[in-house]
Structure formats: C-alpha cells, structure tokens
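Engineer: Please see the structure below; I have some questions.
The values are calculated or read from the model by the stated rules, or taken from the named source; none is laboratory data. Not measured: the values here are computed from a predicted model. Ideal geometry is used to build each Cβ from the backbone, glycine not excepted, and the neighbour counts take in all protein chains shown.
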Amino acid sequence: QQQVKQSPQSLIVQKGGISIINCAYENTAFDYFPWYQQFPGKGPALLIAIRPDVSEKKEGRFTISFNKSAKQFSLHIMDSQPGDSATYFCAANTYGQNFVFGPGTRLSVLP
Amino acid sequence: KAGVTQTPRYLIKTRGQQVTLSCSPISGHRSVSWYQQTPGQGLQFLFEYFSETQRNKGNFPGRFSGRQFSNSRSEMNVSTLELGDSALYLCASSLRTSGSNEQFFGPGTRLTVL
C-alpha cells in the first residue's frame, strides 16, 4: 500500500513535443505529490508538487494533473526541450511520514 | 540561501570497513532524511531525523545508523560495508512544519565498496 507505481520506464520525445509521465498510488492518506527531476551526477531537484484538493497545477511548461478518485497523477511537459532530458521521479507523502518514490522515468528529448 | 550540502562527494572503501557521511541542511530546516539510490532499487528511504531524534526509519539493517546534531547537521554511518552498499547516498532537508512537506535534496555522496 506504500508503493507508488510509475510509467513509462523510459520515454523518447521529439523537441517541441509533449512528454507525459504517469504515477499511481494506493494509500489514500497521501496528501502531497511532488515531482523531482534528476540529471546525471546530481541530486533530485523539486520540480512541481500538488495536493489532492486541486486537480491541476501548472508552472511554466510543467503541469501536474491529479485524479483523486483514480488515485493517479501525471506530469506533462509541454514544448519538450533537449535540456529536459533527465530522470523524473514522482513521489507521495503524508505529513510527518517518509516520502515514497516511484522507480523513475528516463526522458530523452531528441533535437 | 545555500542549498543542502553533503560531504564527501565521493568515497571508495573496501568490504568490512565503515564509513561516515555528512549532511548540512538548508538554513532553518530541522528535518534531515537519508536515502539510498541504486539503479536497481531506485530511491529507498533510510531514516529521518528531526530535532536530534529519529522520527522515521526504513527497512535497512542495523549496520545503517545516523544521528543529528543541535545545529541540524546530520551524519550517516554504515558499518561492516558490503559490496551491495555501493550507491548514491542522498540527504534531503525540510522545514517539517505543519503545511510544509517540501523536501530538498543535496548532491549526494557516491560510495563505492570494493
């Protein structure tokens, strides 16, 4: 019940395209859902996060869509750029408890 | 504001040795969490310290331990190293106040066990 599933494992997108990464969870107590971006040799960087009281959050080219009833959330990267090529992790958390991370999605944006 | 810092950035040890890793959180952050990242297992939670007390613990053997000091800096110790302990060890800091779940990662310490 603590697991967060993430798909796809890898994703190849053309420059200017839309990248979509999906995550699903079981624990309905989770109340915070962040996405992290990690470049090789670096630590994960917080990209964008959402709480279950909203269905969508947008920051620049990055959008989180959240479906509480389906217990799913997704990251959309609009106008994908080669510089977006990285590994993306979704996560879930209940305040005061540890974060649970998805296994990651390796995104490659072709020039 | 300075980010999370970790030292050392790289370590090479041999089996049976022990190692201590250090993490300095963002100024004002009182919570430090440690993670092990490997290609096969992803990001695995080790433990969290808040106000010098361990608050949460993951499913790792007792060889993995940690502590936090009064200035919120944290150390992680791994004793009797095994080959499988080779990984990127990440620490993350957070305010851990009501309404704030945000967690920020450091660059990690790459540990290689030979």
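Engineer: Just the residues that are assigned to a strand (DSSP E or B) and not hydrophobic (A, V, I, L, M, F, W, C), please, taken from the range B:27-54.
Structural biologist: B:S31, B:S33, B:Y35, B:Q36, B:Q37, B:T38, B:G42, B:Q44, B:E48, B:Y49, B:T53, B:Q54
One line per residue, one yes/no per condition, for (1) out of contact with any Leu (no Cβ under 8 Å at 6 or more places or on another chain); (2) β-branched (V, I, T); (3) on the phi < 0 side of the Ramachandran plot:
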position: B:Q54; (1), (2), (3): yes, no, yes
position: B:G66; (1), (2), (3): no, no, yes
position: B:F69; (1), (2), (3): yes, no, yes
position: B:T80; (1), (2), (3): yes, yes, no
position: B:L90; (1), (2), (3): no, no, yes
position: B:S93; (1), (2), (3): yes, no, yes
position: B:N101; (1), (2), (3): yes, no, yes
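Engineer: What number of residues in the range A:57-101 are β-branched (V, I, T) and not in a strand (DSSP E or B)?
Structural biologist: Residues meeting the conditions: 1.
Engineer: Now for a separate question. Looking only at residues in the range B:10-34 that are buried (at least 21 other Cβ atoms within 10 Å of the Cβ) and modelled with pLDDT under 95, which one is nearest to B:R67 (Cα to Cα)?
Structural biologist: B:S31
Engineer: What's the number of the condition A:P111 fails, among (1) within 14 Å of chain B (Cβ to nearest Cβ); (2) at pLDDT below 95?
Structural biologist: (1)
Engineer: Moving on. Considering only strands (runs of 3 or more DSSP E) fully contained in the range B:59-114, which possess at least 3 residues that are hydrophobic (A, V, I, L, M, F, W, C)?
Structural biologist: Details: elements: B:64-68, B:74-78, B:87-94, B:109-113.
The strands (runs of 3 or more DSSP E) meeting that bar are B:87-94.
Engineer: What's the number of the condition B:A87 fails, among (1) more than 29 Å from A:Q6 (Cα to Cα); (2) away from chain A (no Cβ under 12 Å)?
Structural biologist: In the conditions (1) more than 29 Å from A:Q6 (Cα to Cα); (2) away from chain A (no Cβ under 12 Å), B:A87 misses (1) alone.
Engineer: While we're here: How many residues, within the range A:23-50, are surrounded by 19 or more Cβ atoms within 10 Å (Cβ to Cβ), at pLDDT 95 or above and under 13 Å from A:V4 (Cα atoms)?
Structural biologist: Selection size over the range A:23-50: 5.
Engineer: Report the residue count in the range A:1-56 for those that are free of Cβ contacts under 8 Å to residues at least 40 places away in the same chain, of a type in the set (A, V, I, L, M) and part of a strand (DSSP E or B).
Structural biologist: 5
Engineer: Within the range B:49-61, is there a residue that is farther than 26 Å from B:R96 by Cα, surrounded by fewer than 21 Cβ atoms within 10 Å (Cβ to Cβ), in contact with a strand residue (DSSP E or B) (Cβ under 7 Å, 6 or more places away or on another chain) and aromatic (F, W, Y)?
Structural biologist: There is no residue in the range B:49-61 that is farther than 26 Å from B:R96 by Cα, surrounded by fewer than 21 Cβ atoms within 10 Å (Cβ to Cβ), in contact with a strand residue (DSSP E or B) (Cβ under 7 Å, 6 or more places away or on another chain) and aromatic (F, W, Y).
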